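Asker: Let me begin by handing over the structure; questions about it come next.
The values are calculated or read from the model by the stated rules, or taken from the named source; none is laboratory data. Quantities reported herein were computed from a predicted structural model and do not represent experimental measurements. Every residue, glycine as well, gets a Cβ built from its backbone with ideal geometry; the counts of neighbours run over all protein chains shown. Accessible surface is based on the protein model in full, side chains and every heavy atom, while ligands, DNA and RNA are left aside. Shrake-Rupley method; radii C 1.70, N 1.55, O 1.52, S 1.80 Å.
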Amino acid sequence: MPDNLIIDFDSTFISLESLDEFILNNISNSANNSELRAKIERITNQGMEGIIDFNFSVNERLKYLRANRNSIKLFTKILKKNITKSFLFNKQFIIKNSNKILIISGGFKELIAPVVKDYKIKKDQIYANEFMFNKNGIIKTISKKTLTYKHSTKAQLVRSLNLKGLTHIIGDGMTDCEVWRKGYADEFYAF
């Protein structure tokens, strides 16, 4: 086990892209659901591949979201049913080493924290975006105070954490690989 294990959340810890599924889950009665799904997936992929700015990608997808705090609570139950087999199989190992694990994601802490809590990963070990709510508890936008929003890439975020010791990263996107390519992780495992 390395001193630090960075794990991506979407399409790694879970088998879904959480923001995309959260949006679609809250508009599932839409007549043009398949068209909307394709549009959201295109925006997601462009952000992950670096074709468009990742934060722009997130904000573009948020335009389609109509949800509140209760929607989050209900949706995290769905996410818990979509943990990837590898992470289900290695749950005890993750729990045993949870103090060495960081979740770094372009997703949202409100969706991630309830899922990884069962693996003894605490909120302060999660670096992700956070929702901003209006006075009625409805999601309005993304918090610009979170580190993942301030920093344009995961690599810059990992660099700012100034991690000591051997660091490995597991993820499915170019943003995860970039952490290793820029020298902020000793090993990268493509998931």
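Asker: For region 58-70, name all the residues that are surrounded by 15 or more Cβ atoms within 10 Å (Cβ to Cβ) and out of contact with any strand residue (DSSP E or B) (no Cβ under 8 Å at 6 or more places or on another chain).
Answerer: GLU60, ARG61, TYR64
Asker: Quick one: count up the residues across region 26-42 that are touching a helix residue (DSSP H, G or I) at 6+ places or on another chain (Cβ under 8 Å), modelled with pLDDT of 85 or more and open to solvent by 20 Å² or more (accessible area, probe 1.4 Å). Explain how you work it out, then say what you get.
Answerer: Kept after step one, since they are touching a helix residue (DSSP H, G or I) at 6+ places or on another chain (Cβ under 8 Å), are these residues of region 26-42: 26-27, 30, 33, 36-37, 40-41.
From what's left, modelled with pLDDT of 85 or more: 40-41.
With the extra rule that they be open to solvent by 20 Å² or more (accessible area, probe 1.4 Å), the set shrinks to 41.
The total comes to 1.
Asker: Which residue, of THR175, THR84, THR167, is hydroxyl-bearing (Ser, Thr, Tyr) and surrounded by fewer than 20 Cβ atoms within 10 Å (Cβ to Cβ)? So that I can check it myself, show each step before the final result.
Answerer: On the way: THR175 fails: surrounded by fewer than 20 Cβ atoms within 10 Å (Cβ to Cβ); THR167 fails: surrounded by fewer than 20 Cβ atoms within 10 Å (Cβ to Cβ).
THR84 is the lone residue from the list that is hydroxyl-bearing (Ser, Thr, Tyr) and surrounded by fewer than 20 Cβ atoms within 10 Å (Cβ to Cβ).
Asker: Just to be sure, is ASP186 touching a residue at least 24 places away in the same chain (Cβ under 8 Å) and open to solvent by 20 Å² or more (accessible area, probe 1.4 Å)?
Answerer: Working: touching a residue at least 24 places away in the same chain (Cβ under 8 Å): yes; open to solvent by 20 Å² or more (accessible area, probe 1.4 Å): yes.
Judged against the criteria, ASP186 is a match.
Asker: Sticking with this structure for a sec: Give me the pairs, please: first residue somewhere in region 117-129 and under 25 Å from THR141 (Cβ atoms) and open to solvent by 10 Å² or more (accessible area, probe 1.4 Å), second residue anywhere and hydroxyl-bearing (Ser, Thr, Tyr) and part of a helix (DSSP H, G or I), beta-carbon distance under 6 Å, and either six or more positions apart or on two chains.
Answerer: From region 117-129, the pairs are TYR127/THR148.
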